[in-house]
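Inspection log for the structure reproduced underneath, given as structure tokens.
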There are 4 protein chains.
Amino acid sequence: MGYRVAVAGASGYAGGELLRLLLGHPEFEIGTLTAGSNAGSRLGEHHPHLVPLADRVLAETTVATLAGHDVVFLALPHGQSAALAAQLPAETLVVDCGADFRLADAAEWERYYGGTHAGTWPYGLPELPGARDALRGARRIAVPGCYPTVVTLALVPAFAARLAYPDDVVVVAASGTSGAGRSPKPNLLGSEVMGAMTAYGVGGVHRHTPEIIQNLSAVAGEPVTVSFTPTLAPMPRGILATCTAKARPGVGHEQVRQAYEQAYADEPFVLVLPEGTWPTTAATLGANTVHVQVALDERAGRIISVAAEDNLTKGTAGGAIQSANLALGLPETLGLTTIGVAP
Amino acid sequence: MGYRVAVAGASGYAGGELLRLLLGHPEFEIGTLTAGSNAGSRLGEHHPHLVPLADRVLAETTVATLAGHDVVFLALPHGQSAALAAQLPAETLVVDCGADFRLADAAEWERYYGGTHAGTWPYGLPELPGARDALRGARRIAVPGCYPTVVTLALVPAFAARLAYPDDVVVVAASGTSGAGRSPKPNLLGSEVMGAMTAYGVGGVHRHTPEIIQNLSAVAGEPVTVSFTPTLAPMPRGILATCTAKARPGVGHEQVRQAYEQAYADEPFVLVLPEGTWPTTAATLGANTVHVQVALDERAGRIISVAAEDNLTKGTAGGAIQSANLALGLPETLGLTTIGVAP
Amino acid sequence: MGYRVAVAGASGYAGGELLRLLLGHPEFEIGTLTAGSNAGSRLGEHHPHLVPLADRVLAETTVATLAGHDVVFLALPHGQSAALAAQLPAETLVVDCGADFRLADAAEWERYYGGTHAGTWPYGLPELPGARDALRGARRIAVPGCYPTVVTLALVPAFAARLAYPDDVVVVAASGTSGAGRSPKPNLLGSEVMGAMTAYGVGGVHRHTPEIIQNLSAVAGEPVTVSFTPTLAPMPRGILATCTAKARPGVGHEQVRQAYEQAYADEPFVLVLPEGTWPTTAATLGANTVHVQVALDERAGRIISVAAEDNLTKGTAGGAIQSANLALGLPETLGLTTIGVAP
Amino acid sequence: MGYRVAVAGASGYAGGELLRLLLGHPEFEIGTLTAGSNAGSRLGEHHPHLVPLADRVLAETTVATLAGHDVVFLALPHGQSAALAAQLPAETLVVDCGADFRLADAAEWERYYGGTHAGTWPYGLPELPGARDALRGARRIAVPGCYPTVVTLALVPAFAARLAYPDDVVVVAASGTSGAGRSPKPNLLGSEVMGAMTAYGVGGVHRHTPEIIQNLSAVAGEPVTVSFTPTLAPMPRGILATCTAKARPGVGHEQVRQAYEQAYADEPFVLVLPEGTWPTTAATLGANTVHVQVALDERAGRIISVAAEDNLTKGTAGGAIQSANLALGLPETLGLTTIGVAP
């Protein structure tokens, strides 16, 4: 196997999903696994589903433990990647699943995350125009947020084909609880989340908002205004994003449909569903896919694009591996699947 | 006890919730219970939680079985209420949980439901301006749909106080599965819905769309344009509706907040949450409440109102009883509660 | 209203359920609410479903804050009740939802809980033979554990009628997650529990084991051997207990059925289901009921009794209020219901 | 690819899981897919997660459509396999996921299934003593039931090592809803099953009872008595089985533990967990594994073995492919994984 891989933050959900996918990747050999407060414990305590790695002991997350690998995946809390990455060799491929290097605008970074802006790395959403060129050969990759991945892909065709006005995008998305991470908080207890839909981060304050704006503005070629509301759904995985934009005058059903079908005709991981069927997160579970469907509500004058993904797979770990494949010159789809686990 | 009550459609979810609430209502005596294909069976087979009524046998749904009651609640498939109601005495209070008498516009009825428009009855949403006057003494009541109830209440203050433009309302709502009824369909199986968020009725085609438009337009005093997208969430009960409208220029946070707090200050069943907390459907389970919170996203220029209800309680059976209380001159809150069942 | 009531541990799940029921109880006035680390916060932050109490501020749990009430409900971690109760007046009714005063055998207490045995109080399971006499007029009550309540009631008729041998009871029970409390632990996160059944406390080590043995042995009049295995189910509330005991020779189906029907014919909260129907926890949600069904497996020689309850209602808070009603000379069923909330 | 494979009953849950696994199997080429009432429809309508097969059209299930394949997997309702299999060539490998050929005793068949006993085929549980020999080169395979797979594997070591008495096995198992199939029935609706544990098939009447008895009796070398109670859990997939047997005198903890560890030391798909950890179905989701843990309850005198599996994978489709691999002389683990999908 060609590449020796370390995973920092291996006991969390993103780390676990990275390992699940790496175990099935023919070109990656799993090297050191690290953790913060879980350092010293067996991986099997945290991820009993990762049977072949059950007896691996987690090291501390340090430059020393991560050194000596060809690829380092960082699945760390926001703000911890920059310092580590600065000390890793330039030729090591560092793939950051955190937010540190996603935003180009320092003011946006400070507004939503606080602290000093670390800069930007090539953005790991290959389906964005121009992204593949930036990723090929890259040695630093910023993996997109889980919401920005699915929301951006749901709306790219509408803006790329100039079907929608940029000034009034409205997005409401429902996420499974793994998106909130594994730190135990009362509001994430099973007793609280089962049987309940809950709003949070309302009013444009969610940290993924500027990232969505950045992506859509780049595609539209002009600033895009986005109202983004995330909600928490009673399921472990999955995001369903309902994304709407005002249709330009004269835009018709067929035109919208064609724009979406053409935009993703050659994409291995974005599926425009047949007419009459609508996405369900269940069909994407464990797969590196985004399922999209689109409608034109002529009465309301809006394009409604609904998209589903697995927040841990295409939304985090799968997207990270897809970009890493590109960076290393491997086939982009290697070790990834379009086949979900259902029911 | 004062009033003898019949429930048609008692074996379904709306019928069961009506009975659950009627059992705790001090002025209603439960008379005949009827069903369609379940006629002849014990109620306990369908609603094992309704212990005191377990041995009641379901009669056929006919004019004869429903006659002789002071109040008749109809929890029937759309289109079956009109013929029955026409043959019930004018002095009988008939409360229709179906859609037959909700829409004023015959063209809208035909477009969304098909068939002949039956007319309108007083609309059972007491919190709407003017609604209580129409309901007092009424002998026919059209209970609102579950989505229109929560969406309307989420947006009334914004339109009543002229804070929002009427031309671009966007609503995305997530409903528990009981909203889809009890007829067994493959896509409603537990295996399909658990762990999954699914879109349906996208593009303005859901039947509750014209009802939402009707309500908001009445409050705004001008036609309101609504893009409404329902989604199915993995929970038995509850709706969380994210409702957004474009803010008029100069509208500020305090103004929005005051409008909402004032609008519902005297409403027993609509709760504007304290700042910093957001609605969860869990807090409304089994209660006749709508929990609302509102934010102004200044950057996106939108008012974001998020509201939660129990689709079977305030969204159907509780709302029906609230209106029936008004019609009969009873205290509006009799037999209803603001206390949910959680966790 | 006659009695002023304090609740210690009001921000937890048992405390919340006590308050939900107390709000509907005509003879109890809710006085001071206390908490540990949540002291100083609004109750609405913890229990948004308890709308009428949302603005109550939680006091510290001390003798001073609890004094001056007619009734004090303690919903505290095990081991904290004894010291508090010792300082409350003898005429105050103290109802302990914890384990401190449940076990008569000091050795059992030390083996399963550690520390010093505090003694016993009248045991709050009125359906046990002789229990009502002990509870009437009592001023100290030990509320049973959630598992012992449902398991005991599932097996009492088999032992009271001498249908079963005492030497080999096997019980497997599945509980919703609220039974594990509200302290955030990684294994109780929604992401972990949704979609998963998990074993825990296997091999007779669960703390409710000696309590089950104590109850069944008292009914059988001889020592009963119990193998008890609890499991965690992906739901917030509810316990389904499958309880089996070896049938004595010659015991037949009708005899078993009659024993169960007769045992509970006059019990307001224990329901023996009609033949052919089996308990579901859903039918007991929020109700103070135990639903029981029993079968004789002649081939295996075992009586199989399956029972469902809501662990927070009949299993904790409802049972506590039922016993408090008895102690105070109120009707036993006051403020309690047999009607569940479903679906 | 070496073998052309047909799947009969492809639109059901077992059929879908077979296809999910076959898509990842390097030696199987997916040929004809058939269905009953769903014949003529696209596979994507039923299994949107199986993206590469979405446009396949389902044929009728007939001898003609199934002919011409090297391997035929039958995922049909019980009783339909025998007639079909009789007309397929003797050299075709026919793998029956139904019950038709599982039971050796005609009287047992008639008692539990009714109708005429079709006979027996080699039993597809390779981990049973002697099973691999029977499966190698076989051209007809009876895949075990989902419950018998996990229950048998949980208890084999106890009986093979003569640690347990055969006369009083008690098993309680909780299954996800996919085990009940995809035919829409009211009691399987999401609204009914979410938030609820429900008993069914109590008293030794479940059809998997004689199969469990047959397996354990073969291992024990004498008739084993089993009390088996299945319950329905609110999750799509997974079985957690709590299996207990009376320990023979003198049997100790270490002896039990060693028996289990040795029994499965070389098994690729049965994992005895480290001491102190207990199985969760979540860790087996989508994997071909059974996770087992065992305790000796000395006080109750019982060995308690708890095991988890995915009912659709190791419990049906994965087990079927494992046995097919053996029959065809392929590596037994080909196309199967020990890695689950979690959280």
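The values are calculated or read from the model by the stated rules, or taken from the named source; none is laboratory data. No experiment lies behind these values; they were computed from the predicted model shown. We place every Cβ from the backbone using ideal geometry, glycine too, and count neighbours over all the protein chains shown.
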Filtering the range B:214-229 down to residues that are buried (at least 24 other Cβ atoms within 10 Å of the Cβ) and in contact with a helix residue (DSSP H, G or I) (Cβ under 8 Å, 6 or more places away or on another chain), which residue is farthest from B:Ala263 (Cα to Cα)? B:Phe228
What do you reckon, is A:Leu53 of a type in the set (A, V, I, L, M) and surrounded by 19 or more Cβ atoms within 10 Å (Cβ to Cβ)? yes
Which residues, taken from the range B:90-127, are buried (at least 21 other Cβ atoms within 10 Å of the Cβ), in contact with a Lys or Arg (Cβ under 8 Å, 6 or more places away or on another chain) and among the charged types (D, E, K, R)? B:Asp96
If we keep only residues of the range B:222-242 that are assigned to a loop (DSSP other than H, G, I, E, B) and touching a residue at least 60 places away in the same chain (Cβ under 8 Å), then the residue farthest from the other protein chains (Cβ to nearest Cβ) is B:Val224
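When the range D:189-207 is examined, which residues are found to be under 21 Å from the mean Cα position of the chain (by Cα), of a type in the set (A, V, I, L, M) and at the interface with another protein chain (Cβ under 7 Å from one of its Cβ atoms)? Quick ask: steps written out before the conclusion?
Keep residues of the range D:189-207 that are under 21 Å from the mean Cα position of the chain (by Cα), which gives D:199-202, D:204-207.
The next check asks that each one be of a type in the set (A, V, I, L, M); those that pass are D:199, D:202, D:205.
Across the range D:189-207, the qualifying residues are D:Ala199, D:Val202.
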From B:Ala307, B:Ala282, which residue is within 8 Å of chain A (Cβ to nearest Cβ) and either under 22 Å from B:Val172 (Cα atoms) or not polar (S, T, N, Q) (or both)? B:Ala282
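I'm checking my understanding of the structure. Among residues of the range A:17-46 that are among the charged types (D, E, K, R) and touching a residue at least 60 places away in the same chain (Cβ under 8 Å), which one is nearest to A:Arg237 (Cα to Cα)?
Kept after step one, since they are among the charged types (D, E, K, R), are these residues of the range A:17-46: A:17, A:20, A:27, A:29, A:42, A:45.
Pick out the ones that are also touching a residue at least 60 places away in the same chain (Cβ under 8 Å) and you get A:17, A:20, A:27.
Details: A:Glu17: 11, A:Arg20: 15, A:Glu27: 27 Å.
My answer is A:Glu17.
So which of B:Val156, B:Val151, B:Val202, B:Val171 ends up being modelled with pLDDT under 95 and closer than 20 Å to B:Val306 by Cα? Show your work before the answer.
Working: B:Val156 fails: modelled with pLDDT under 95; B:Val151 fails: modelled with pLDDT under 95; B:Val171 fails: modelled with pLDDT under 95.
B:Val202 is the lone residue from the list that is modelled with pLDDT under 95 and closer than 20 Å to B:Val306 by Cα.
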Hey, can you tell me all the residues within the range D:285-295 that are in contact with a His (Cβ under 9 Å, 6 or more places away or on another chain) and within 10 Å of chain C (Cβ to nearest Cβ)? D:Leu285, D:Ala295
Give the range C:243-264 a look and list any residue that's within 11 Å of another protein chain (Cβ to nearest Cβ) and free of Cβ contacts under 8 Å to residues at least 60 places away in the same chain, or say none. C:His253
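How many residues, within the range C:160-210, are assigned to a helix (DSSP H, G or I) and either touching a residue at least 60 places away in the same chain (Cβ under 8 Å) or among the small types (Gly, Ala, Ser) (or both)?
Looking only at the range C:160-210, we keep the residues that are assigned to a helix (DSSP H, G or I), and these are C:160, C:177-180, C:186-188, C:190-193, C:209-210.
Within this subset, residues satisfying the condition of being either touching a residue at least 60 places away in the same chain (Cβ under 8 Å) or among the small types (Gly, Ala, Ser) (or both) are C:160, C:178-180, C:190-191, C:209-210.
Selection size over the range C:160-210: 8.
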Suppose we filter B:Glu267, B:Glu275, B:Glu298 for residues that are surrounded by fewer than 23 Cβ atoms within 10 Å (Cβ to Cβ) and more than 14 Å from chain A (Cβ to nearest Cβ); which single one remains? B:Glu267
Selected residue (only one of C:Arg102, C:Arg111 is in contact with a strand residue (DSSP E or B) (Cβ under 7 Å, 6 or more places away or on another chain), closer than 26 Å to C:Asn215 by Cα and of a type in the set (Lys, Arg)): C:Arg102
Considering every residue within the range A:136-151, establish whether at least one is touching a residue at least 12 places away in the same chain (Cβ under 8 Å), assigned to a helix (DSSP H, G or I), over 26 Å from A:Val202 (Cα atoms) and over 17 Å from the mean Cα position of the chain (by Cα). no
Quick check on the range C:278-287. Is at least one of its residues farther than 17 Å from D:Val202 by Cβ, of a type in the set (Ser, Thr, Tyr) and in the same structural domain as C:Leu135 (by the TED database)? no
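Results for (1) under 14 Å from the mean Cα position of the chain (by Cα); (2) among the aromatic types (Phe, Trp, Tyr); (3) crowded, with 22+ Cβ neighbours inside 10 Å, shown as yes or no for each residue.
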residue: D:Asn311; (1), (2), (3): yes, no, yes
residue: D:Ile321; (1), (2), (3): yes, no, yes
residue: D:Leu326; (1), (2), (3): no, no, yes
residue: D:Thr337; (1), (2), (3): no, no, no
residue: D:Ala342; (1), (2), (3): no, no, yes
Exactly one of A:Glu261, A:Glu267, A:Glu275 is in a helix (DSSP H, G or I) and either of a type outside the set (Ser, Thr, Tyr) or within 16 Å of A:Tyr165 (Cα to Cα) (or both), and that one is A:Glu261
Only one of (1) within 29 Å of A:Leu273 (Cα to Cα); (2) surrounded by 15 or more Cβ atoms within 10 Å (Cβ to Cβ); (3) not basic (Lys, Arg) fails for D:Pro26. Which number is that? (2)
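Can D:Ala83 be described as of a type in the set (A, V, I, L, M), surrounded by fewer than 18 Cβ atoms within 10 Å (Cβ to Cβ) and over 21 Å from D:Val205 (Cα atoms)? Break it down stepwise before answering.
On the way: of a type in the set (A, V, I, L, M): yes; surrounded by fewer than 18 Cβ atoms within 10 Å (Cβ to Cβ): yes; over 21 Å from D:Val205 (Cα atoms): yes.
Against the criterion (of a type in the set (A, V, I, L, M), surrounded by fewer than 18 Cβ atoms within 10 Å (Cβ to Cβ) and over 21 Å from D:Val205 (Cα atoms)), D:Ala83 qualifies.
Do we find a residue being at pLDDT 95 or above, in a loop (DSSP other than H, G, I, E, B), away from chain D (no Cβ under 14 Å) and in contact with a strand residue (DSSP E or B) (Cβ under 6 Å, 6 or more places away or on another chain) anywhere in the range C:311-318?
First pass over the range C:311-318, keeping only residues at pLDDT 95 or above: C:311-318.
Still in the list and also in a loop (DSSP other than H, G, I, E, B): C:311-312.
Now restrict to residues that are away from chain D (no Cβ under 14 Å): none.
Scanning the range C:311-318, I find no residue that is at pLDDT 95 or above, in a loop (DSSP other than H, G, I, E, B), away from chain D (no Cβ under 14 Å) and in contact with a strand residue (DSSP E or B) (Cβ under 6 Å, 6 or more places away or on another chain), so the answer is no.
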Those residues that are in contact (Cβ under 8 Å) with a residue 60 or more places away in the chain, of a type in the set (Gly, Ala, Ser) and closer than 20 Å to C:Gly195 by Cβ, I need them from the range D:287-320; list them, please. D:Ala307, D:Ala308, D:Gly315, D:Ala317, D:Gly318
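Does A:Arg162 satisfy being surrounded by fewer than 24 Cβ atoms within 10 Å (Cβ to Cβ), more than 12 Å from chain B (Cβ to nearest Cβ), touching a helix residue (DSSP H, G or I) at 6+ places or on another chain (Cβ under 7 Å) and modelled with pLDDT of 95 or more?
Answer is no for this residue.
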Which residues, counting only those in the range C:48-88, are more than 21 Å from the chain's Cα centre (by Cα) and under 14 Å from C:Gly16 (Cβ atoms)? C:Pro48, C:His49, C:Leu50, C:Val51, C:Pro52, C:Leu53, C:Ala54, C:Arg56, C:Leu58
